[in-house]
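For reference, the structure discussed in these notes is given below.
Laboratory data are not the source of any read-out in this text; all were calculated from the coordinates shown. Computed from a prediction, not measured in an experiment: that's the story for all the values here.
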Amino acid sequence: MRPASAAEKARLADTFAELCRIRSPSGQEAACAERVVAELRRIGTAPEADEAGNLLARLPGRGERTLLLCAHMDTVHPAAPIEPVVVDDGWENANEGILGADNKAAVAVMLEVARRCAVEGAPVGLELLFTVQEEVGLRGAEAFDASRLRADFGYVFDHASPVGEVVVASPTLYRIAADFHGKAAHAGLRPEDGRSAIRAAAQAIAAMPLGRLDEQTTANVGFVEGGVESTNVVPERCRLLAEARSVDADRIEEVVSRLVDALHDAATDVECDVDVVVEKQVTGYRQRPSLPGVAAAEAALGACGYAPRRIATGGASDANALEAAGVHCVNLANGTERNHEPGERVSVAALEGMLDVALALVDEAAGVSLS
């Protein structure tokens, strides 16, 4: 398929800016979904929504193959209204907050690809999956019934790094919740009668391996809450939330075990009780370079002038959920910078480059070997 025209690039910019203005934090994607549905109906396809709020649309192709494109409609919580502006050849929020390019840049690209294929036809059929609640644990993709898909393989555009990077390894992620139960006492009169839940939690955190543990493994404590709003009470309650993630399946089990041991050892030492819940939130994956999705991606990137580079990431995406459900899915970098932060941006060149790459993927998907 030919590269994007000037008219397509202009429409892409307009669609992207309009989508970014629509507030859609996780769990509140309805307005964004309504805009996506309206655009899909305008080009002649009838999207279907599931109970979770995910949208699936299909476009026929000239051949028997089908390609999946996937993006999420939610963002992290916006701290300020979003007003997209172009500054120094890049899209930013005029206000002090996120832009929402993660992942509305991909949503806009998918809608423009769908428009082209609806008007001019395509060598493969397209399935367009727009998910919800990706930012809070891939909940939309996890809830989606992957057996509805006909695609041979697919792509998400959800890695905030330069266009050209191909994610071939993504981590397994565990979430750990710990509730310490101690005994309250007056901190000035009878401190020896109390058992401090906060002290137990602090001791546990101090003993945990945290931060970047190796190239493939990280661990973090992200939330601690306990006590009462008074300094004269030995706190009897404290809760903490932690995570560990690694591309190495054996290493992640080892780290999770060490985190859990630190929790129990601290509780024993301070004579508190602790309730620990360990939840596997994301299943990791590794992809061989010979897989059709990887091969087609590298060919499409090369055709658009990018030097493909295979990477491992510490982040998760809907590709993790789809891979776990048996759908071969590759995560491609989308050129977004500083996602989840005030100052998030995506260059005009990266946004337009994503569109050219997505169009090239449609061609490459038709010819790549599936064996």
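Things worth noting here:
- Beta bridges per DSSP with both ends in the chain, % antiparallel, nearest 5: 70
- Gyration tensor verdict on region 282-351 (Cα atoms; rounded if a/c is under 1.5, prolate if a/b is larger than b/c, oblate otherwise): oblate
- Here region 46-89 is treated as a Stokes sphere of Kirkwood radius computed over C-alpha pairs; at 4 °C and 1.567 mPa s its diffusion coefficient rounds to 88 µm²/s.
- At 0.890 mPa s and 25 °C, Stokes D of the chain from Kirkwood alpha-carbon radius, µm² per second: 111
- Potential extension, S371-E64 segment - 0.36 nm per residue separation minus Cα distance: 108.9 nm
- For region 313-355, alpha-carbon Rg over 2.2 N^0.38 Å: 1.41
- Taking a ≥ b ≥ c as the square roots of the eigenvalues of the Cα gyration tensor, an a/c ratio of 1.5 or more together with a/b no larger than b/c marks region 1-77 as oblate.
- Set of aspartates and glutamates with alpha-carbon distance to K280 below 13 Å, sequence-local pairs under 8 removed: E142, E243, E253
- Helical segments meeting 20 Å axial Cα length and Kyte-Doolittle 1.0 threshold in the chain (DSSP H): 348-367
- Under the criterion of Cα pairs below 8 Å and six or more residues apart, the relative contact order for the chain equals 24 percent.
- For region 117-203, convex hull volume per residue from C-alpha positions, Å³: 214
- Computed [θ] at 222 nm, helices only, for the chain once each DSSP H run of length n ≥ 4 contributes -39500 (n - 2.57): -11000 deg cm²/dmol
- When restricted to Cα atoms, region 219-321 yields an Rg and a Dmax of 21.2, 68 Å, respectively.
- Contact order normalised by residue count of region 95-210, Cα under 8 Å, 6+ apart, percent: 15
- Sorted from greatest to least, the principal axis extents spanned by the alpha carbons of region 162-299 come out as 73, 27, 21 Å.
- Candidates R245, R139, R212: whichever shows maximal mean-square fluctuation once the chain is modelled as a Gaussian network with Cα springs under 10 Å: R212
- C-alpha center-to-center spacing [region 283-315, region 183-247] in angstrom: 41
- Equivalent-ellipsoid semi-axes for region 1-132 (Cα gyration tensor, √(5λ), whole Å, largest first): 26, 19, 10.
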